[in-house]
Amino acid sequence: MRTSCVVVNLTWIIGGSAAVEIAERFAFYGVSANLITYLTGPLGEGNAAAAAAINAWNGVSQLLPLLGGALADSWLGRYRTILLASLLYILGLAMLAFSTLISTGGNQCSSAAVAGGKTCPPSTLRVAFFYISLYMVAVAQGGHKPCVQAFGADQFDPSDPEESVSRSSFFNWWYFGMCGGTAVTLVFLSYVQDNIGWGLGFGIPCVVMACALAVFLLGTRTYRYYVSGSKKGVVARAGEALAAWRNRAKSIPLLPPASQECHPTATSAPEFSTGVEEDEQVVGKAGLVEQAKGIVRLFPIWATCLIYAVALAQSSTFFTKQAGTLDRRIGDHIQVPPAALQSFISITIVAIIPVYDRVIVPVARRYTGVPSGITMLQRIGAGMVLSLVSMVIAALVETRRLRAARDAGLVDKAGVPVPMSLWWMVPQYVLFGAADVFTMVGLQEFFYDQVPDKLRSLGLALYLSIFGVGSFISSALVSGIDRATAARGGSWFSNNLNRAHLDYFYWLIAALSALELLAYGYFAVTFKYKNKNKGALLATSTSC
């Protein structure tokens, strides 16, 4: 009886929360993957300005989950946060599609200018409405992203050995499904946006998101709910925690660490109930101190992953602009959209995750004794190495592209494709996909597992904030380097990429990645896991 009910519940994890997460990724990448083409095309922005704007938006998108996760953990709960964020997502996407219908230049765009082949500048109203809609999507992701995966992981009972093992694989297969949806997005929507219209390209994700929300709601009566017993807001709790930590010498003795791991969790409630409540135990100053320390101790790992996020940010900006300059023909009639190359990241992830989960992990487990094969931090580090190699290859490919443009006499003919196949860029995308299998999944599991149990939505928000801060760093780097190099006569990010030097920028990121990897290695070796079995997602009852 228990097994059949668990199967029913886990089916809803896949059919409900996973469906809405895949749809959210479909929607987000449907907007972000080809965004630089829209900004440098219909909105008429330059390469450097567009890349900086996209990085800033990505930064906001990835930092807002800190607020969304905190609100979910302390007030709304994950289910209601997902519901409200999904509704806001649908509204933002609908407004984004509508923004493409607003007239471009108004009276400034005369028929004579159009007849002369000149591009009409977008109206102020259109630009303003577009960016308002774009940032509504960012706010919606801020509530959606930290909660859906945590809500799905909450459905597994850590006190049940079978479900505990399944939860470790859950993170692999969750990312597998998410990237499968992303691969379809990048190929299908980028073609629609480039060849049919941006209104339809933004409208399709809106419809998909609405359908996924309906599927998610169907599972409402079957989900397990993790309800926090605290009646205090997250700001008040954080203030108390920091104050208690500052005065810890005068405070009561700290509770043993094990007590934090063994408090009743969402799975301690009756089986198969639609609401699973946590015991309302009183958390004193010592408990708040432990929670604050549990977050702060993750900071070195968080900080030493930022350059990885900077490197990843290039895949949706300058990589796409590079691809647009190459020979993208397949046969006589098909031309690959530049943004579609990003699908190789997702395709690589989809191909590697089953091999990793079913082959690499069991083999590694025999030698290491770790249930997950290698520890979470080892997994993250392996991905960072692959990311470094990817940036080196990207720099070498860009050097070759510039040479091909010079040899063909196309330095000042930016609109003519460089006689170099787009397939030269595939290896850097594939390596990024392989890096994601290790680093992205490893970070998700690490920040879910190593934060205090009551703050798991906030933990996943911390993981996302790495990519938010990394995007801001990338934006600052692009803007600063553009100003500095333009003042010397030739910007690294010139609108004519045949006169730009993206290869220098990639070498800079590769060098920063190497320095980051050294720092990460030091902190990873000295890090002490919360659980007894390093990096393994074991049942908490084992340590109790």
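The values are calculated or read from the model by the stated rules, or taken from the named source; none is laboratory data. Remember, it's a predicted structure, so these values are computed and weren't measured experimentally. Here the Cβ is made from the backbone with ideal geometry for all residues, glycine too, and neighbour counts use every protein chain on show. We work out accessible area using only protein heavy atoms, side chains counted, and drop any ligands, DNA or RNA first. Shrake-Rupley method; radii C 1.70, N 1.55, O 1.52, S 1.80 Å.
Conditions tested, residue by residue: (1) within 20 Å of the chain's Cα centre (by Cα); (2) at pLDDT 75 or above; (3) outside any helix (DSSP H, G or I).
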{"position": "A150", "(1), (2), (3)": "yes, no, no"}
{"position": "E163", "(1), (2), (3)": "no, no, no"}
{"position": "G201", "(1), (2), (3)": "no, yes, no"}
{"position": "A212", "(1), (2), (3)": "yes, yes, no"}
{"position": "V215", "(1), (2), (3)": "no, yes, no"}
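In segment 327-341 there is at least one residue that is in the same structural domain as Y504 (by the TED database), in contact with a strand residue (DSSP E or B) (Cβ under 6 Å, 6 or more places away or on another chain) and farther than 18 Å from A33 by Cα.
On the basis of being at pLDDT below 85, touching a helix residue (DSSP H, G or I) at 6+ places or on another chain (Cβ under 9 Å) and of a type in the set (D, E, K, R), does E280 make the cut?
no
For G44, the conditions (1) under 16 Å from the mean Cα position of the chain (by Cα); (2) surrounded by fewer than 24 Cβ atoms within 10 Å (Cβ to Cβ) are fulfilled apart from (1).
Could you tell me whether L125 is open to solvent by 40 Å² or more (accessible area, probe 1.4 Å) and at pLDDT 80 or above?
Values: open to solvent by 40 Å² or more (accessible area, probe 1.4 Å): yes; at pLDDT 80 or above: yes.
Yes, satisfied.
Of all the residues in segment 403-438, those that are within 21 Å of V350 (Cα to Cα), surrounded by fewer than 17 Cβ atoms within 10 Å (Cβ to Cβ) and either over 31 Å from the mean Cα position of the chain (by Cα) or not β-branched (V, I, T) (or both) number 2. Scanning segment 379-400 for residues that are surrounded by fewer than 20 Cβ atoms within 10 Å (Cβ to Cβ) and of a type outside the set (A, V, I, L, M) yields T399, R400. Restricting to segment 367-378, and then to whatever is part of a helix (DSSP H, G or I) and not hydroxyl-bearing (S, T, Y), can you tell me which residue is most open to solvent (accessible area, probe 1.4 Å)? Among those residues, the one meeting the criterion is Q378. So which residues in segment 60-95 are open to solvent by less than 50 Å² (accessible area, probe 1.4 Å) and in contact with a His (Cβ under 9 Å, 6 or more places away or on another chain), if there are any at all? The answer is P65, G68, T81, I82, A85, S86, Y89.
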